[in-house]
Structure formats: structure tokens, C-alpha cells
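Trainee: First the structure, which I've put down as C-alpha cells, then a few questions once you've had a look.
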Amino acid sequence: MSIGIVSPREAQALIAQGAKLIDVRDADVYLREHIPHAQLAPLSRLEQGDLPANLRAEQIIFHCQSGKRTSSNAAKLQAIAAPAQVSLLEGGIDGWKAAGLPVTEDKSQPLPLMRQVQIAAGGAPRMGGPKLKVIEVNEDHIVAVQASNEQGEKLILKAEDVTPYCEEGDFGVC
């Protein structure tokens, strides 16, 4: 069976007909913002085995932030979800929002760790802005990031040094 790419509007119609929408992003990102009815199954957990029974359906639509992660892991996702008909949400949650479809937001949740690191390293990501490189990962959590600020000074940011940061405004995600 081949994997289909569905537009946000097509996905919305398929979900209404019983398809399962599965968000493969990490829990911190999901808790802060997700598509209504999407169920969390981080890719890092899916790669360890089969799809949990409560997430099985005849039709499954996987999504990530932008569609890149699901596209690059399409064969794995198809194997994990077999024998279901598997589709990928075009553009991920970013495409969903661009189509004007609703998302559930909880800005009381801490910003995702990578976004906190970006803020600590010198602000919003932009051309010529801070450079970041993940240098240590423990299971599916970032432990340390090497960064340089706009002045070129090298920084090592460890997760235990970062306080969960919540902000009313939306800074976006890279």
C-alpha cells in the first residue's frame, strides 16, 4: 500500500469519517498546541515498537510540525501502522493552521525546550541570529545544546540550567 499525502481540508473530512489523526511530535510541543482530536504518539516512541492498540484504525493520518519529519519517516510509519491505510498531513500542523483550521492551545504550558534554548541563546531564530547544535540527548530529551550568540561567543546550555519558560506571546518554532 502506498502512503498518501492529504491536504488539511481532506484530513478534516477523513477525521470526520473515522480516520485517526496521530501527532508524532514530542509531548511538550503537543501540550502547548495541537490539532483537536489528534492523539499523541511521539515518533521516538513509535520507533520502539508497534502502534498502541487504542490508536489503530482503518485509516491513519500522521502529522508533525511542518510535514518534514513525517515525510522522512514515511516508510517507518507505514510499517508501524500496517495494515491501515496511511496518509501524511501536508504541511503538518503549520499547514493545518495556514488553512485556517482550529488548533487547541495552552500557553500555560512551558515552551518546548528547543525554543527555550533559542531564547536563552539570544532571541528569536533569524538569519544571522544564534547558532544552535544539539550535543547531548538522553532518550527523547535534549540534555545539552552548543550555541553561539550574535557576538560569536560560544555557549553550552544544559537542560538543568534552563527554567521552563512560559510566555503569553507566541514566538513560533523552528
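Trainee: Go through the range 54-69 and give me each residue that's in a loop (DSSP other than H, G, I, E, B) and within 17 Å of the chain's Cα centre (by Cα).
Mentor: Once the filter is applied, which keeps residues that are in a loop (DSSP other than H, G, I, E, B) and within 17 Å of the chain's Cα centre (by Cα), the range 54-69 yields CYS64, GLN65, SER66, GLY67.
Trainee: Mind listing just one residue for me: the one in the range 2-16 that is in contact (Cβ under 8 Å) with a residue 24 or more places away in the chain and among the polar types (S, T, N, Q) and, of those, surrounded by the most Cβ atoms within 10 Å (Cβ to Cβ)?
Mentor: GLN12
Trainee: Let me ask another. Taking the stated definitions as given, is ALA81 among the hydrophobic types (A, V, I, L, M, F, W, C) and over 19 Å from ILE3 (Cβ atoms)?
Mentor: No; evaluated as a whole, the condition is false for this residue.
Trainee: Sticking with this structure for a sec: Taking LEU55 as the residue in question, decide whether it is buried (at least 20 other Cβ atoms within 10 Å of the Cβ) and not β-branched (Val, Ile, Thr). Walk me through it before giving the result.
Mentor: On the way: buried (at least 20 other Cβ atoms within 10 Å of the Cβ): no; not β-branched (Val, Ile, Thr): yes.
Spelling it out, it is not the case that LEU55 is buried (at least 20 other Cβ atoms within 10 Å of the Cβ) and not β-branched (Val, Ile, Thr).
Trainee: Just name the residue that is surrounded by the fewest Cβ atoms within 10 Å (Cβ to Cβ) out of those in the range 23-43 that are within 20 Å of SER72 (Cβ to Cβ), under 11 Å from the mean Cα position of the chain (by Cα) and not charged (D, E, K, R).
Mentor: Checked the range 23-43; the qualifying residue surrounded by the fewest Cβ atoms within 10 Å (Cβ to Cβ) is LEU40.
Trainee: So which residues in the range 32-71 are farther than 18 Å from ALA84 by Cβ and without any contact (Cβ under 8 Å) to a residue 12 or more places away in the chain, if there are any at all?
Mentor: Passing the criteria: only GLN48.
Trainee: Output the number of the condition that LEU51 fails; it satisfies all remaining conditions of (1) in a strand (DSSP E or B); (2) out of contact with any Ser or Thr (no Cβ under 9 Å at 6 or more places or on another chain).
Mentor: All conditions are met except number (1).
Computed from the coordinates by the stated procedures, all read-outs in this text should not be read as laboratory data. Quantities reported herein were computed from a predicted structural model and do not represent experimental measurements. Here Cβ is always computed from backbone atoms with ideal geometry, including for glycine, and neighbour counts include all displayed protein chains.
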